[in-house]
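Okay, structure first, notes after.
The values are calculated or read from the model by the stated rules, or taken from the named source; none is laboratory data. Nothing here was measured: the structure is a model prediction, and the numbers come from that model. Methodologically, a virtual Cβ is constructed for each residue, glycine included, from the backbone with ideal geometry; neighbour enumeration extends over all protein chains shown. Side chains included, ligands, DNA and RNA excluded: accessible areas come from the protein's heavy atoms. Shrake-Rupley method; radii C 1.70, N 1.55, O 1.52, S 1.80 Å.
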Amino acid sequence: MALELPPLPYDATALEPVISANTLAFHHGKHHAAYVTNFNTLTKDSPLADKPLEEVIKAVAGDSAKAGIFNNAAQVWNHTFFWNCLAPNAGGKPSGALLAKIEADFGSFDAFVSEFKTAATTQFGSGWAWLVLDQGKLKVTKTANADTPLAHGQVPLFTVDVWEHAYYLDFQNRRPDFVAAVLEKLANWAFVAQNLAKAS
Ligand code: MN3
């Protein structure tokens, strides 16, 4: 069963002005779509084609002979997850159990934001910044290229794509401004809270 590109969970203009419809047309319509096409080509007639994506990622992680499958599988998963981490009229400060857990594990919400921004802006080259659950504790991590916390025994709760294709049309080289705007205006804390509840 071939993978299909999942539709965006909102209209193409819904995330403006932080993420323009033009960026989404390329990022979802071209980049994410290409990872789906490449994954299907690389796994055609393989038993991997019938496994859930999370299982494929964990099965081929670290296998240099299957690096192409890993990269495309992880990029498909990471992008679908990223789209769900965003919502119009969102961002700011979460509430409830998620906020309590952030305050318990980072000291304060501001301390989490600061650590997340540092991870996102110090990822050298392409990659991702993450909030993960690791052995029951929240942590901020960053991964390079297609790499994903799923390959490291961690549960992803929230991510921001910091590949240049994620922000260059809207922010050019200003990655810190892109990350700050996502946290302030688009972070879908309701989705993150669901991820935490499922993982706890
Ligand atoms: Mn991307």
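Hey, with R₀ at 41 Å, roughly what FRET efficiency would S114 and A2 work out to, going by the Cβ-Cβ distance, to 0.05?
0.45
Pick out which of D170, D161, D50 has the largest mean-square fluctuation in a Gaussian network model of the chain, springs linking Cα atoms closer than 10 Å.
Greatest mean-square fluctuation among the candidates belongs to D50.
Given a Förster distance of 30 angstrom, what is the FRET efficiency for F26 paired with A65, based on the Cβ-Cβ distance and rounded to 0.05? Don't skip to the answer; put the middle values down first.
Values: r = 31 Å, r/R0 = 1.03.
Step by step, r from the Cβ atoms, then E = 0.45.
Quick one: Debye curve from the C-alpha atoms of the chain, no solvent, what's log10 I(q)/I(0) at q = 0.09 Å⁻¹?
Once normalised to I(0) and log-transformed, intensities are -0.32.
For the chain, what's the relative contact order in percent, using C-alpha pairs closer than 8 Å and at least 6 residues apart?
On the way: 284 pairs, mean separation 49.2, N = 200.
25 percent.
As a test of understanding, state the convex hull volume per residue of the range 96-199 from its alpha carbons, in Å³. If you can, show how the numbers build up before the last one.
Details: hull volume 9.7 nm³, N = 104.
Here the figure is 93 Å³ per residue.
Carbon and sulfur: what percent of the chain's accessible surface (1.4 Å probe)?
Values: 5050 of 9410 Å².
Using a 1.4 Å probe with all protein chains present, the chain comes out at 54 percent carbon and sulfur.
May I ask you to give the solvent-accessible area per residue for the chain, in square angstrom, as obtained with a 1.4 angstrom probe? Could you put the intermediate results ahead of the total?
Details: 9410 Å² over 200 residues.
I get 47 Å² per residue for the chain.
The range 120-200: which trypsin sites (Lys or Arg not before Pro) are DSSP loop and have at most 13 other beta-carbon atoms within 10 angstrom? Before the final figure, lay out the partial values.
Details: sites: K137, K139, K142, R174, K185, K198; in loops: R174.
When the trypsin sites (Lys or Arg not before Pro) of the range 120-200 are filtered for loop state and at most 13 Cβ neighbours within 10 Å, R174 remain.
Assigning unit charges at the beta carbon (Lys, Arg +1; Asp, Glu -1) and nothing else, what dipole magnitude in debye, to the nearest 20, does the range 96-199 show about its Cα centre? It would help to have the intermediate numbers written out before the result.
On the way: 9 positive and 11 negative charges, 31 e Å.
Its charge dipole is roughly 140 debye.
Taking only Cα atoms, what is the 0 to 90° angle, nearest 10, from helix 33-42's long axis to the longest principal axis of the chain?
With both axes taken from Cα atoms, the answer is about 40 degrees.
Would you work out the relative contact order for the range 96-199, in percent, from Cα pairs under 8 angstrom that are 6 or more residues apart? Walk me through the numbers before you get to the answer.
Values: 137 pairs, mean separation 26.1, N = 104.
Here the relative contact order equals 25 percent.
Between helix 67-84 and the chain, what is the angle of the helix's C-alpha long axis to the longest principal axis, kept within 0 to 90° and rounded to the nearest 10?
In the chain, helix 67-84 runs at an angle near 40 degrees to the longest axis.
Taking only Cα atoms, what is the 0 to 90° angle, nearest 10, from helix 109-122's long axis to the longest principal axis of the chain?
40
Considering only C-alpha atoms, what is the centroid distance from the range 1-76 to the range 83-99, in Å?
24
Name the residue farthest towards the positive end of the dipole of the range 1-147 from the options H32, L86, S114, assuming +1 on Cβ of Lys and Arg, -1 on Cβ of Asp and Glu, about the Cα centre.
In the range 1-147, that residue is S114.
FRET efficiency for A100 and A151, Cβ-Cβ distance as r, R0 = 25 Å, nearest 0.05? Walk me through the numbers before you get to the answer.
Details: r = 29 Å, r/R0 = 1.15.
Given R0 = 25 Å and the Cβ-Cβ separation, E is 0.30.
For the ranges 37-46, 77-86, what's the packing order if you count other beta-carbon atoms within 10 Å of each residue, average per peptide, and put the highest first?
Working: 37-46: 15.1, 77-86: 21.8.
Ranking the peptides 37-46, 77-86 by packing returns 77-86, 37-46.
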